[in-house]
């Protein structure tokens with residue numbers, strides 16, 4: 001009898017894994033469920049060790065920390081996909097110029113409100129504002145989306161005029177217009193990886209799942225969901 005695998009992931013990869021699991025099950029893979037929540041919350045729950053997870057999918061940096069803490073099996077982490085950060089505005093709004101670093105900085109300074117996430121893209125954006133020397137200047141106009149809530153949702157509600165988040169988390173949100181990815185000089189890319197949670201009794205099945213997720217056969221699904229295979 002096949003085991004049932006339980007995984008947890010950040011919201012950024014939710015759509016990609018939803019599609020990949022359909023293919024995995026069609027190929028006869030073990031029944032697998034993946035709960036998608038805010039990345040910070042997912043890492044916290046795996047670190048706490050109170051839930052019976054078999055696999056975890058998070059930004060590579062977060063998995064490295066979990067592996068160092070003994071919560072992820074040493075040597076089990078596989079890089080799976082890369083997600084670029086995009087800029088979005090409300091549907092129908094005039095899109096700003098984001099073709100260069102200077103243009104993006106000007107767009108941020110001109111925006112009445114700026115949205116960012118609690119995840120890796122949000123951390124990187126805050127560092128960028130600091131580097132530009134405008135973090136304090138725009139602090140009263142920045143809005144951090146609650147964990148698990150796409151920045152696009154805030155844009156669609158009219159709470160944010162200019163939003164930054166990973167493309168994969170924006171492409172399915174109605175009521176917004178995606179302006180494009182950040183220019184190469186300030187690109188914010190996040191690599192998402194998968195790892196086996198320490199203590200799982202289903203290590204072999206978990207390795208098979210991760211191998212499929214990292215295989216060429218999984219590439220098209222990742223691309224359809226705004227990701228780049230790695």
Looking at 171, 134, which is the one that is surrounded by fewer than 21 Cβ atoms within 10 Å (Cβ to Cβ), in contact (Cβ under 8 Å) with a residue 24 or more places away in the chain and under 21 Å from residue 19 (Cβ atoms)?
171
When the range 202-217 is examined, which residues are found to be touching a residue at least 60 places away in the same chain (Cβ under 8 Å) and either surrounded by fewer than 22 Cβ atoms within 10 Å (Cβ to Cβ) or assigned by TED's automatic domain parsing to the domain that holds residue 126 (or both)?
202, 203, 205, 207, 208, 210, 211, 212, 214, 217
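Has the range 41-49 got any residue that is modelled with pLDDT under 95, surrounded by fewer than 23 Cβ atoms within 10 Å (Cβ to Cβ) and at negative phi?
yes
Yes or no, residue by residue, for (1) free of Cβ contacts under 8 Å to residues at least 12 places away in the same chain; (2) surrounded by 21 or more Cβ atoms within 10 Å (Cβ to Cβ); (3) farther than 13 Å from residue 213 by Cα:
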| residue | (1), (2), (3) |
| --- | --- |
| 6 | no, no, yes |
| 12 | no, yes, yes |
| 22 | yes, no, no |
| 54 | no, yes, yes |
| 65 | no, no, yes |
| 70 | no, no, yes |
| 80 | no, yes, no |
| 83 | no, yes, yes |
Picking from 118, 99, which residue would you name as being assigned to a loop (DSSP other than H, G, I, E, B) and either crowded, with 21+ Cβ neighbours inside 10 Å or at pLDDT below 95 (or both)?
118
The range 1-17, subset over 14 Å from the mean Cα position of the chain (by Cα) and either modelled with pLDDT of 95 or more or in a helix (DSSP H, G or I) (or both), residue farthest from residue 72 (Cα to Cα):
4
Tally up the residues in the range 22-40 that are touching a strand residue (DSSP E or B) at 6+ places or on another chain (Cβ under 6 Å) and in a helix (DSSP H, G or I), please.
1
So for the range 190-201 (the condition being exposed (fewer than 15 other Cβ atoms within 10 Å of the Cβ) and over 13 Å from the mean Cα position of the chain (by Cα)), does at least one residue qualify?
yes
Every residue from the range 137-164 that is at pLDDT 95 or above and farther than 17 Å from residue 112 by Cβ
152, 153
Looking at (1) touching a residue at least 24 places away in the same chain (Cβ under 8 Å); (2) farther than 17 Å from residue 218 by Cβ; (3) in contact with a helix residue (DSSP H, G or I) (Cβ under 6 Å, 6 or more places away or on another chain); (4) not assigned by TED's automatic domain parsing to the domain that holds residue 172, which is the one condition that is false for residue 37?
(3)
How many residues, within the range 140-170, are touching a helix residue (DSSP H, G or I) at 6+ places or on another chain (Cβ under 8 Å) and part of a loop (DSSP other than H, G, I, E, B)?
6
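The values are calculated or read from the model by the stated rules, or taken from the named source; none is laboratory data. Fair warning: this is a prediction, and the values are worked out from it, not measured in the lab. So basically every Cβ, Gly included, is an ideal-geometry build from the backbone, and we count neighbours across all protein chains shown.
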